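Input: a single structure, listed below in structure tokens.
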């Protein structure tokens with residue numbers, strides 16, 4: 001199973017911290033069956049993040065590798 005998480009760096013503080021905390025918790029559970037990629041996208045907010053996150057998510061889905 002593969003999981004892609006992303007948040008814009010201009011989101012509200014609680015959203016960024018929650019996304020980071022979720023990523024860290026899931027990384028502790030990760031094994032050979034769970035691959036996680038977390039991205040904090042610089043300069044992006046709740047609306048502007050969409051084009052960037054779609055591009056990165058498509059690359060993530062189409063690749064066989066995962067970067068934590």
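Overview of results
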| item | result |
| --- | --- |
| Scope segment 16-34; condition exposed (fewer than 14 other Cβ atoms within 10 Å of the Cβ) and within 23 Å of residue 51 (Cβ to Cβ); matching residues | 18 |
| Among (1) part of a helix (DSSP H, G or I); (2) at pLDDT 95 or above; (3) touching a strand residue (DSSP E or B) at 6+ places or on another chain (Cβ under 6 Å), the one test that residue 23 misses | (2) |
| Residue in segment 44-53 that is in contact with a helix residue (DSSP H, G or I) (Cβ under 7 Å, 6 or more places away or on another chain), surrounded by 13 or more Cβ atoms within 10 Å (Cβ to Cβ), at negative phi and modelled with pLDDT of 90 or more present | yes |
| Search result, residues across segment 27-42 that are outside any helix (DSSP H, G or I) and touching a strand residue (DSSP E or B) at 6+ places or on another chain (Cβ under 8 Å) | 30, 34, 35, 36, 37, 38, 39, 40, 41 |
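The values are calculated or read from the model by the stated rules, or taken from the named source; none is laboratory data. This structure is a prediction, so every number in the text was calculated from the model and none was measured. Don't worry about glycine lacking a Cβ; one is built from the backbone with ideal geometry, like all the others, and counts go over all protein chains shown.
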